[in-house]
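The values are calculated or read from the model by the stated rules, or taken from the named source; none is laboratory data. Since the structure is predicted, the reported quantities are computational estimates derived from the model, not experimental observations. Cβ coordinates were reconstructed from backbone atoms using ideal geometry, including for glycine residues, and neighbour counts include every protein chain displayed. All accessible areas refer to the heavy atoms of the entire protein, side chains included, with ligands and DNA or RNA removed. Shrake-Rupley method; radii C 1.70, N 1.55, O 1.52, S 1.80 Å.
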Amino acid sequence: MLRRTRSIAIVGASANASRASYFVATYLLSSSPYDVYFVNPRATEILGRPVYPSLEALPVVPDLVDVFRRHDDLPTVLDETLAVGARTLWLQLGSWHEEVARRAEAAGLEVVMDRCVKIEHARFHGGLHLAGFNTGVISSRRALG
């Protein structure tokens with residue numbers, strides 16, 4: 001699925017560096033081949049890139065919609081995902097919604113729940129480390145100090 005993906009829309013993207021969506025966005029922009037788009041009606045710019053108020057406002061149809069929204073918002077996000085014609089609905093770690101998954105799959109979407117795009121991409125591309133990123137150091141010794 002991630003090999004076929006060319007563009008990702010992060011719904012619920014945040015400019016707050018302590019938010020998971022910010023960490024995922026930073027990783028995707030620096031360590032992946034994807035065209036990344038941010039969706040948040042209350043923001044205008046994240047990481048120097050424009051933020052769009054909705055999936056419909058994007059200049060492209062994203063292949064994958066990566067969702068960082070509350071459980072109760074997921075049915076609406078699915079409706080927007082279907083309306084724009086994306087192929088994959090990805091619910092981030094901690095996000096699970098059986099009814100949304102059933103509706104999405106019935107409409108022909110691929111669905112991933114309770115997984116992180118950053119972790120899954122890094123796992124298959126050599127960038128996963130215990131701390132969640134690639135340190136570039138290969139050693140069995142621990143650093144002192």
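Relative contact order for the chain: 18 percent, from Cα pairs under 8 Å spaced at least 6 residues apart, divided by residue count. Nonpolar atom fraction for the range 41-84, defined as the carbon and sulfur part of the 1.4 Å probe accessible area, stands at 47 percent. Among 35-41, 54-60, sorting by the average number of other beta carbon atoms lying within 10 angstrom of each residue, highest first, gives 35-41, 54-60. Rolling a 1.4 Å probe over the protein heavy atoms gives the range 3-60 an accessible area of 56 Å² per residue. Of 99, 120, the order by accessible heavy-atom surface (1.4 Å probe, DNA, RNA and ligands excluded), from most exposed downward, is 99, 120. Summing charges over all other residues whose Cβ lies under 10 Å from the Cβ of residue 65, with Lys and Arg as +1 and Asp and Glu as -1, gives -2. Distance between the C-alpha centres of the range 1-69 and the range 70-88: 14 Å, rounded to the whole angstrom. The alpha-carbon positions of the range 14-113 define a convex hull whose volume is 99 Å³ per residue.
Take the Cα coordinates of the range 60-121, assign each an equal point scatterer, and use the Debye formula without solvent to give log10 I(q)/I(0) at q = 0.19 Å⁻¹. Values returned for q = 0.19 Å⁻¹ are -0.61. Near residue 111: Cβ cut-off under 13 Å, other residues only, Lys/Arg at +1 and Asp/Glu at -1. The net charge is -2.
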